[in-house]
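All remarks here apply to the structure that follows.
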Amino acid sequence: MDILIIDSNTLVRQVVHDCLAHMHYEVAEAADGQTGWELLRQTEIPLVITAWPVPGINSKKMLSDIRTRNRMFYTYIILLGKPTDQAALIEGLQAGADDYLIKPLHLKELRRRVMLGRRIHKLESRQRQLQHDYEHAIILDPLTRVFNRQMIYERLETELINLKHEGHACSLMLLELDQLAILNERYGYHSGDRALQLVASTLERIIRHHDAVGRWGGSKFLLIITQTASHAARAIGERIQRQIAAIELPLPDGHMYALSASLGIIVIARQEALTRPELVLTVEKALAQAKQESGITVLQVP
């Protein structure tokens, strides 16, 4: 759907529809604002032409709602009004509309404004996509698409602040994919990269929405598991190991490679216990111990 026309006047809707359909646009019609808003909620429509005030709805709130939900996708809005509605139309522009036309409509001008609106819509949507990509490039590891080292480190600081205020224990887990260097040497870095991507997606599926995972570097991932005491932390760690062991990594020779991981875990009971660098050093020690022993070690931070 390319364009939505909202107007209680059947003739106006018909004239606009026929004019724009002749330009090969797909046009939807709504006789009132509530019907139009429901259409906008259901699908992304690049351009809206609406009577102003919008019939049957709080006009300014409708514009505000359109702008609020349009983070990635931009909707270009043209208002329709009478010559005596100039002040109201300007208020509509201030409320979030892009342009306005005066009734009775001149079809040549309507076509010109619509073509301009479509160009601006494409430019604005492209700009928003670039901004979205830039924001993600700052916080995400480019290979695995989980948080990068800096972001997960900052997230740890946030969790320590939450711990101070709420008092719930949390766990810090450092996971290392076993024998990644051997995998890279024997089968190439593409296989190693794919193994890291599969592990990252597995971790994202396992953790809860208020937990966090980031690539710490090389074959290591740092996980922040909120509101988790020792017994629960070990259970989550064991589940992670089982899920990673279940991953099937296809190799260039057609065989499957079995993955495994070692996991160091520390449980943080109070915010004042250690600083961020000290906590990272402690969880690295837990990981080193895990690699020498059973593959998983849980330490309680005093």
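All of the numbers you see were taken from the coordinates with simple rules; none came from a lab. Please read these numbers as outputs of a predicted model, since none were measured by experiment. Reconstructed Cβ throughout: ideal geometry from the backbone, glycine too, with neighbour counts over all protein chains shown.
Given a Förster radius of 45 Å and the C-beta distance between residue 23 and residue 209 as r, what FRET efficiency does 1/(1 + (r/R0)^6) yield to the nearest 0.05? Walk me through the numbers before you get to the answer.
Values: r = 45 Å, r/R0 = 0.99.
Using R0 = 45 Å, I get an efficiency of 0.50.
What does a probe at residue 230 reach in the range 161-178, counting residues whose amide N is under 18 Å from the point 7 Å along Cα→Cβ?
In the range 161-178, the label zone of residue 230 (backbone N under 18 Å from the point 7 Å along Cα→Cβ) covers 168-174.
Relative contact order of the chain, please, whole-number percent, based on alpha carbon pairs below 8 angstrom and at least 6 residues apart. List each step's numbers first, then the result.
Numbers: 483 pairs, mean separation 40.2, N = 302.
It comes to 13 percent, rounded to a whole number.
Calculate the dipole size of the chain relative to its Cα centre from +1 charges on Lys and Arg beta carbons and -1 charges on Asp and Glu beta carbons; express the result in debye to the nearest 20. Could the numbers behind the result be given before it?
Working: 35 positive and 35 negative charges, 76 e Å.
Roughly 360 debye, rounded to the nearest 20.
For the peptides 191-202, 151-162, 104-115, what is the packing order when you average, over each peptide's residues, the other Cβ atoms within 10 Å and list the highest mean first? Intermediate values should be presented prior to the final figure.
Working: 191-202: 18.8, 151-162: 16.5, 104-115: 14.0.
Highest to lowest by the protection proxy: 191-202, 151-162, 104-115.
Taking the mean number of other Cβ atoms within 10 Å as a proxy for protection, how do you rank 130-137, 166-173, 81-88, 231-238 from highest to lowest? Could the numbers behind the result be given before it?
On the way: 130-137: 10.4, 166-173: 19.4, 81-88: 13.1, 231-238: 16.9.
So the peptides 130-137, 166-173, 81-88, 231-238, ranked by packing, come out 166-173, 231-238, 81-88, 130-137.
Counting DSSP beta bridges with both partners in the chain, what percentage is antiparallel, nearest 5?
Percentage antiparallel, nearest 5: 50.
Among 37, 130, 22, whose Cα lies farthest out toward the positive end of the dipole of the chain, if unit charges sit on the beta carbon of Lys, Arg (+1) and Asp, Glu (-1)?
22
If I stretch the segment between residue 39 and residue 197 completely, what's the gain in nm (0.36 nm per residue apart, minus their alpha carbon distance), one decimal? Write out the running numbers ahead of the final one.
Details: separation 158, 0.36 × 158 = 56.88 nm, distance 3.81 nm.
Full extension of this stretch gives 53.1 nm more.
Using +1 at the C-beta of Lys and Arg and -1 at the C-beta of Asp and Glu, which of 179, 221, 197 has the Cα lying farthest in the positive direction of the dipole of the range 136-223?
Of the options given, the answer is 197.
On a C-alpha basis, how far is the centre of the range 93-107 from the centre of the range 227-302 in Å? Whole number, if you could?
Answer, in whole Å: 60.
Could you tell me how far the Cα centroid of the range 1-18 sits from the Cα centroid of the range 138-216, in Å?
51 Å
Among 288, 139, 59, whose Cα lies farthest out toward the positive end of the dipole of the chain, if unit charges sit on the beta carbon of Lys, Arg (+1) and Asp, Glu (-1)?
It is 59, whose Cα lies furthest towards the positive end.
In percent, what relative contact order does the range 149-301 have, based on Cα pairs under 8 Å that are 6 or more apart in sequence? Display every interim value, and only then the final one.
Details: 258 pairs, mean separation 47.1, N = 153.
Worked out over the range 149-301, it gives 31 percent.
Among (i) 1.90; (ii) 1.45; (iii) 1.31, which one is Cα Rg over 2.2 N^0.38 Å computed from these coordinates?
Looking at Cα Rg over 2.2 N^0.38 Å for this model, the match is (ii).
What are the ³J(HN,Hα) couplings of the range 127-143, residue after residue, when phi is run through the Karplus curve with 6.51, -1.76, 1.60 and θ = phi - 60°? Round to Hz, x for glycine and proline.
4, 5, 5, 5, 5, 4, 5, 5, 4, 5, 5, 6, 9, 10, 5, x, 7
Just flag the trypsin sites (Lys or Arg not before Pro) in the range 37-90 sitting in loop per DSSP whose Cβ has no more than 14 other Cβ atoms within 10 Å.
Details: sites: 41, 60, 61, 67, 69, 71; in loops: 71.
Counting only loop positions with at most 14 other Cβ atoms within 10 Å, the trypsin sites (Lys or Arg not before Pro) in the range 37-90 are 71.
Go through 175-184, 16-25 and give me the packing order, highest mean Cβ count within 10 Å leading. Present the calculation step by step, with values, prior to reporting the outcome.
Numbers: 175-184: 18.1, 16-25: 14.7.
Put in order of decreasing packing, that is 175-184, 16-25.
What does the C-alpha gyration tensor say about the overall shape of the range 4-49? Classify as rounded when a/c is under 1.5, otherwise prolate if a/b is larger than b/c, or oblate. The partial results should precede the final answer.
Details: a/c = 2.97, a/b = 1.22, b/c = 2.43.
Here the range 4-49 falls in the oblate category.
Pick from 73, 147, 221: which residue has the top mean-square fluctuation in a GNM of the chain where Cα pairs under 10 Å get a spring?
Residue with maximal mean-square fluctuation among 73, 147, 221: 73.
Dipole of the range 149-301, Cα-centred, from +1 at each Lys and Arg C-beta and -1 at each Asp and Glu C-beta, to the nearest 20 debye?
Details: 16 positive and 17 negative charges, 30 e Å.
Here the range 149-301 has a charge dipole of around 140 debye.
Could you give the dipole magnitude of the range 3-139 about its Cα centre, charging the beta-carbon of Lys and Arg +1 and that of Asp and Glu -1, in debye to the nearest 20? Intermediate results must be reported in sequence, preceding the final value.
Details: 18 positive and 16 negative charges, 60 e Å.
Here the range 3-139 has a charge dipole of around 280 debye.
Enumerate the amide H contacts of residue 140 below 5 Å, restricted to partners 5 or more residues apart or on another chain; note that Pro and chain-start residues carry no placed amide H.
148
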